[in-house]
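Student: Below is a structure I'd like to ask you about.
The values are calculated or read from the model by the stated rules, or taken from the named source; none is laboratory data. Because the structure is a prediction, the values reported are computed rather than measured. A quick note on method: Cβ atoms are made from the backbone with ideal geometry, for glycine too, and the neighbour counts reach across all protein chains shown.
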Amino acid sequence: MMKEAAYELGGDNKPAVNYACVTSSDGFADKDEILVYGKDLNQINGSIPFARIVIIKTGDLTGEGQEDTEPLFRAIQDIDFVKYHVYPKGYMIRSSSDSFREQVRVSKDAVRKGINFEQVGNSYIAQFKKNPDVKAVKIIFVTADDADYAEMKKDAKKVRDITKTLSKILEGMATDCHSCSLREICDEVEGLKELHFGKEKKEFKG
Ligand code: SF4
């Protein structure tokens, strides 16, 4: 496989970060957009640091006001799953959700044919937009040497913690914030507490 590869994004233990954020608010991803910071795929010669960050604008997924967490959580899961359905030719993705890493082997043939992030980004956008809840997609590819990949990794962890918290809320966990292990993330991220207590109120009302 490596014989056929021209290089690997995130290869040789270089940073390789990936995460996706979902929002229904304006101002983050109002139109489909592909941004590249650093070298494009057809300008790279060897292992290089890499990040792929996706911001997805959806319609309002919380149902009635902010009371129903389930459609929101399911939509985030569906959206996240899209990454396993994108296979641009000559662009072989290896991801690990535990470490937030996404490495990519790019084939010599693909480089010869001029593969670039615009083509790859459009493959992702087409997949994401099969979901009718998705209104717009911004994809940011980073290969610059001086980008802050450590900070991006922290953001990736925060996104994962928020998704985990939504999952716990959905399971109907206890509602005492003082003794809750998720308190740190709920204190930091606006709206999570409202989601939890809105859901409890709804269930109480039956
Ligand atoms: S709102 Fe409170 S009880 Fe609910 S998950 Fe957050 S910290 Fe825990």
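Student: Identify all residues within segment 175-192 that are near the ligand (Cβ under 8 Å from one of its atoms) and not in a helix (DSSP H, G or I); write none if there are none.
Tutor: The initial filter retains those residues of segment 175-192 that are near the ligand (Cβ under 8 Å from one of its atoms), namely 175-177, 180-183, 185-187, 192.
Within segment 175-192, Thr175, Asp176, Cys180, Ser181, Leu182 meet the criteria.
Student: Ile162 - would you say it is within 16 Å of the ligand (Cβ to nearest atom), over 15 Å from the mean Cα position of the chain (by Cα), of a type outside the set (Lys, Arg) and buried (at least 19 other Cβ atoms within 10 Å of the Cβ)?
Tutor: Judged against the criteria, Ile162 is not a match.
Student: Test Glu118 against the criterion of being at pLDDT below 95 and either on the phi > 0 side of the Ramachandran plot or over 16 Å from the mean Cα position of the chain (by Cα) (or both), and give yes or no.
Tutor: Criteria not met by Glu118.
Student: Next question, about the same structure. Just checking, which of Val104, Val82, Val86 is closer than 24 Å to Lys130 by Cβ and at pLDDT 95 or above?
Tutor: Result: Val104 is the single residue among Val104, Val82, Val86 that is closer than 24 Å to Lys130 by Cβ and at pLDDT 95 or above.
Student: Out of the residues in segment 117-147 that are closer than 20 Å to Leu61 by Cβ and touching a Gly at 6+ places or on another chain (Cβ under 8 Å), which is surrounded by the most Cβ atoms within 10 Å (Cβ to Cβ)?
Tutor: So the residue we want is Asp133.
Student: So which helices (runs of 4 or more DSSP H) stay within segment 68-165 end to end and still have 1 or more residues that are among the aliphatic types (A, V, I, L, M), in contact (Cβ under 8 Å) with a residue 40 or more places away in the chain and under 14 Å from Ile53 (Cα atoms)?
Tutor: Correct list: 69-81, 117-128.
Student: Output yes when any residue across segment 81-94 is closer than 30 Å to Met173 by Cα and either surrounded by 13 or more Cβ atoms within 10 Å (Cβ to Cβ) or touching a strand residue (DSSP E or B) at 6+ places or on another chain (Cβ under 7 Å) (or both), and no when none is.
Tutor: Yes: segment 81-94 contains one or more residues that are closer than 30 Å to Met173 by Cα and either surrounded by 13 or more Cβ atoms within 10 Å (Cβ to Cβ) or touching a strand residue (DSSP E or B) at 6+ places or on another chain (Cβ under 7 Å) (or both).
Student: Here is a further query. Could you count how many residues in segment 48-71 are at pLDDT 70 or above and either β-branched (Val, Ile, Thr) or surrounded by fewer than 17 Cβ atoms within 10 Å (Cβ to Cβ) (or both)?
Tutor: Here the count works out to 10.
Student: Criterion first (within 16 Å of the ligand (Cβ to nearest atom) and surrounded by 19 or more Cβ atoms within 10 Å (Cβ to Cβ)) does Ile169 satisfy it?
Tutor: Numbers: within 16 Å of the ligand (Cβ to nearest atom): yes; surrounded by 19 or more Cβ atoms within 10 Å (Cβ to Cβ): yes.
The answer is yes for Ile169.
Student: Here are some conditions: (1) within 16 Å of the ligand (Cβ to nearest atom); (2) under 19 Å from the mean Cα position of the chain (by Cα); (3) among the charged types (D, E, K, R); (4) over 21 Å from Ala16 (Cβ atoms). Asp133 meets all but one. Which one does it not meet?
Tutor: In the conditions (1) within 16 Å of the ligand (Cβ to nearest atom); (2) under 19 Å from the mean Cα position of the chain (by Cα); (3) among the charged types (D, E, K, R); (4) over 21 Å from Ala16 (Cβ atoms), Asp133 misses (1) alone.
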